[in-house]
Each structure stands twice: as structure tokens, then as C-alpha cells.
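Below you'll find the structure, written out as C-alpha cells, and then a few comments.
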Amino acid sequence: MDRSSLDRWNRYRFRSVWDLDAPPARVYSVLERAGDYPRWWPQVRAVEQIGGDGGYSGVLHIRSVLPYEIRMTATELLRDPGRGLLEAALHGDIEGWARWTVRARRGAGGRGTRALYEQEVEVRSPLLRRLAVPVRPAFRLNHALMMRAGRHALEARLATSPEAV
């Protein structure tokens, strides 16, 4: 297999939709605090905030079902509460970008929130790149399980009193 074919196997696009029974402003306020993710999202094992000038930047340590921890630096590109947007550049074991779009949920009496998570990344870790072809389905499943657990954990977090969030 030539290099360009291997590169294609190391690129991923993910999209997850979370329908939540909480107001958009409350959901946004939890999602914008990436440094707090380890408090409620089990697969986000640790976040080390770096820098202090301007927007958020931190090193995230993520591990889902597979026995491998992904380390990446997330640097804020966009924080717009009015439009419900959060976007970050990702560098490290994976490189690319991630975005949350938080909106009021249509229907259901106009109550609740729809949080859309989108991510486009390329695997940069040498070990994961070597495993790209045979393990790609497991990588995609690992991500799906992490996102499902994150949605459930966020629902539980939002069910607590607003002061706790």
C-alpha cells in the first residue's frame, strides 16, 4: 500500500448529536469548560491547562475502551456563546479540529438542547498509524463508545443543581 493510501486510512471525520433536557446556555456553560471534563466525562482522564493569555489551551489525556491513551493539545479557535459555538485546534497524537454547536432543540415543546459534536482529525501517533488499516473499525467503535458515555455523563451532570455545574 502506498503512502497516500495509508494517509487516507489515518483520517477520520466524526459527528455526534446529543439531545439533552437542559437549556442551551446551561449545556454550553458545561461544554466550554474543557478543564472540567475529567470531573464528569470518564474517558477524559486528565486535562493540564497551559498558557494563560487569551483563549483556552490544554493537554487532554483521553482513553476509552482500547488500551491506549491519546494525548493532544486543544487550543481554542472560537468561543461564541451567542451562536453556541466552541471550536478548537488539536495537535499531538491526533491533529485537526473539533467543534461543538449548541442550539435549542426543535420540537418537544421547544425545550432542551441539541449539541452537535464534529471532529476532523488525522492520526499522528506512529503506533496508531501503523495499526490504521487493521484496527480502523475498532478506532471508530472506540470513539462512538466514548461519545455515548460522554452524553450519558453530561446528562447526569446537568441533572444536578445548577450551582454544582
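Going by amide H atoms built from the backbone, whose H comes under 5 Å of the H on Arg105, apart from near neighbours?
Residues meeting the criterion, in which the H sits 1.01 Å from N, are Gly112, Thr113, Arg114.
Toward the positive end of the charge dipole of the stretch 40-165, about the Cα centre and with charges on Cβ (Lys, Arg +1; Asp, Glu -1), which of Gly55, Thr73, Gln119 goes farthest?
Gln119
Given an 8 Å cut-off on Cα distances and at least 6 residues of separation, report the relative contact order of the stretch 1-94 as a percent.
Computed value for the stretch 1-94: 16 percent relative contact order.
Can you pull the percent of the chain's accessible area that's carbon plus sulfur, 1.4 Å probe, other chains left in place?
Working: 4810 of 9120 Å².
Its accessible area is 53 percent carbon and sulfur atoms.
Counting only heavy atoms of the protein chains, get the accessible area per residue of the chain (1.4 Å probe) and round it to a whole Å² value. Could the numbers behind the result be given before it?
Working: 9120 Å² over 165 residues.
The answer is 55 Å² per residue.
Applying the Karplus parametrisation 6.51 cos²θ - 1.76 cosθ + 1.60 with θ = phi - 60° to the phi angles of the stretch 82-93, what ³J(HN,Hα) value in whole Hz is obtained for each residue in order, glycine and proline being reported as x?
These are the phi-based 3J(HN,Hα) values: x, 9, x, 10, 9, 9, 9, 8, 10, 9, x, 4 Hz.
At what distance in angstrom do the alpha carbon centres of the stretch 111-140 and the stretch 79-104 lie from each other?
Answer, in whole Å: 15.
At a probe size of 1.4 Å, how large is the accessible area of Leu78, to the nearest 10 Å²?
60 Å²
On a 0 to 90 degree scale, rounded to 10, what angle separates helix 132-159 from the longest Cα axis of the chain?
The angle comes out near 10 degrees.
Under the definition of Cα pairs under 8 Å and six or more residues apart, what whole-number percent is the relative contact order of the chain? All intermediate terms of the calculation are to be shown ahead of the outcome.
On the way: 300 pairs, mean separation 44.3, N = 165.
Computed value for the chain: 27 percent relative contact order.
Which FRET efficiency value, to the nearest 0.05, is calculated for Arg33 and Ala104 with the Förster distance at 22 angstrom and r the Cβ-Cβ distance? Please list the in-between numbers first.
Numbers: r = 21 Å, r/R0 = 0.93.
FRET efficiency, Arg33 to Ala104: 0.60.
Per-residue HN-Hα couplings for the stretch 57-68, Karplus 6.51 cos²θ - 1.76 cosθ + 1.60 at θ = phi - 60°, whole Hz, x for Gly and Pro?
Taking θ as phi minus 60°, the curve returns 8, x, 9, 9, 10, 10, 8, 9, 7, 5, x, 8 Hz for the stretch 57-68.
Tabulate in residue order the Karplus-calculated ³J(HN,Hα) for the stretch 23-34, using 6.51 cos²θ - 1.76 cosθ + 1.60 with θ = phi - 60°, rounded to whole Hz; enter x for Gly and Pro.
x, x, 4, 6, 4, 4, 5, 6, 5, 6, 9, 4
The values are calculated or read from the model by the stated rules, or taken from the named source; none is laboratory data. What you are looking at is a predicted structure, and each value in this text was computed from that prediction instead of being measured. As a convention, Cβ positions derive from the backbone with ideal geometry for all residues, glycine included, and neighbour counts pool all protein chains shown. For accessibility, only protein heavy atoms count, side chains too; no ligands or nucleic acids. Shrake-Rupley method; radii C 1.70, N 1.55, O 1.52, S 1.80 Å.
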